[in-house]
1. Which whole-Hz ³J(HN,Hα) couplings does segment 137-145 yield from phi under the Karplus relation 6.51 cos²θ - 1.76 cosθ + 1.60, θ = phi - 60°, glycine and proline marked x?
2. Please identify, among G77, G264, G175, the residue showing maximal mean-square fluctuation in a Gaussian network model of the chain using a 10 angstrom Cα cutoff.
3. What number, rounded to the nearest 500 deg cm²/dmol, is the helix-based mean residue ellipticity at 222 nm of the chain, given -39500 (n - 2.57) per DSSP H run of at least four residues and division by all its residues?
4. What FRET efficiency, computed as 1/(1 + (r/R0)^6) with R0 = 35 Å and r the Cβ-Cβ distance, is obtained for S85 and A116, rounded to the nearest 0.05?
5. Taking only C-alpha pairs under 8 Å that are 6+ residues apart, what is the relative contact order of the chain in percent?
6. Ratio of Rg to Rh for the chain, alpha carbon only, Kirkwood?
7. Specify the residue with the greatest mean-square fluctuation among G245, G161, G266, computed from a Gaussian network of the chain linking alpha-carbon atoms under 10 Å apart.
8. Mind giving me the nanometre distance, one decimal, between the label points for A190 and A12, set 7 Å out from Cα along Cα→Cβ?
Amino acid sequence: MSWISIECLAAADRHAALCELLEDAGALSITSLDAADRPVLEPAPGETPLWPQVRLTALFEGDYEPAALLALLGAAGVQALRCTSLADQDWARSGQDVQPRHFGNRLWVCPTGAAAPAPDALVVQLDPGLGFGTGAHPTTALCLRWLARNPPVGGEVIDWGCGSGILAVAAARLGARRVWALDIDPQALAATADNAARNGVADCLRVVPADGLPAAVAADLILANILAPVLVALAPQLLDALRPGGALLLSGLLESQVPEVLAGFGTALRFEAPTIDQGWACVKGIKR
């Protein structure tokens, strides 16, 4: 089956009206994206902010005749950028960028079924499903590089906010004795369980809801690749789950947010200098 994609621009105050117009015209889906590189980072709970200028992409069935809609948009003063015919594809998978990536020493992340890129490669095979995390984003890459340099051999590891499970699986493949993968999203938990089985580490990797970690767990290493406000909110739980002398690896925060996040942990941790990649930071702290 084919599709018709129509892209147009709208000011934020006209966004709702334009979405209604497109829906009335038969749009099957509407995607709203930033049109002018003005990112909205970490909105407050309950808020759904928009960029000053929004790029909307409406998807219609392949036999849709767009002429009437394009004329209607023009009459409304809306700039139509392009009208494109698209072949069918697996849209959920196509949005996940999974390419072979090397993160230092022997560690590679590769799409499921890809050949090993080197004879001695330690490969994490990844099918991200609907969970976030392919190694492409700097925050995930920073954590994977750290793991490659500091393999948690024999350790108890927690991946807090596991997403696709990429960090949890990598820790298991790098020799962790047991890994706990936590997330609030059931789809992330399912993706992590699938990726653990795919990589042969299901026996040592426990997938549990965020509130399901046993109280007796005292981790040698906690990986927390989550947004800055969430890291601060989780600080008491992260500290409770970490043994004295254990390492907490914080990522998912911008370089400018490092002081605020570290302050949220008080004096409980001895932090090292952050590692920076494209404005994103990764910080290791040792529990006193």
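1. Those phi angles translate into 6, x, 5, 5, 4, 4, 5, 5, 5 Hz.
2. G77
3. Using -39500 (n - 2.57) per qualifying helix, the result is -7500 deg cm²/dmol.
4. Calculated transfer efficiency: 0.35.
5. Reported relative contact order: 13 percent.
6. Reported Rg/Rh, Kirkwood definition of Rh: 1.05.
7. Judging by the Gaussian network model, the answer is G266.
8. 3.4
Every number here is computed from the coordinates shown, using simple stated rules; none is lab data. From a predicted model like this one, the values you see are computed outputs, not experimental measurements. Note that each Cβ is placed from the backbone with ideal geometry, even for glycine, and that neighbours are counted across all protein chains shown.
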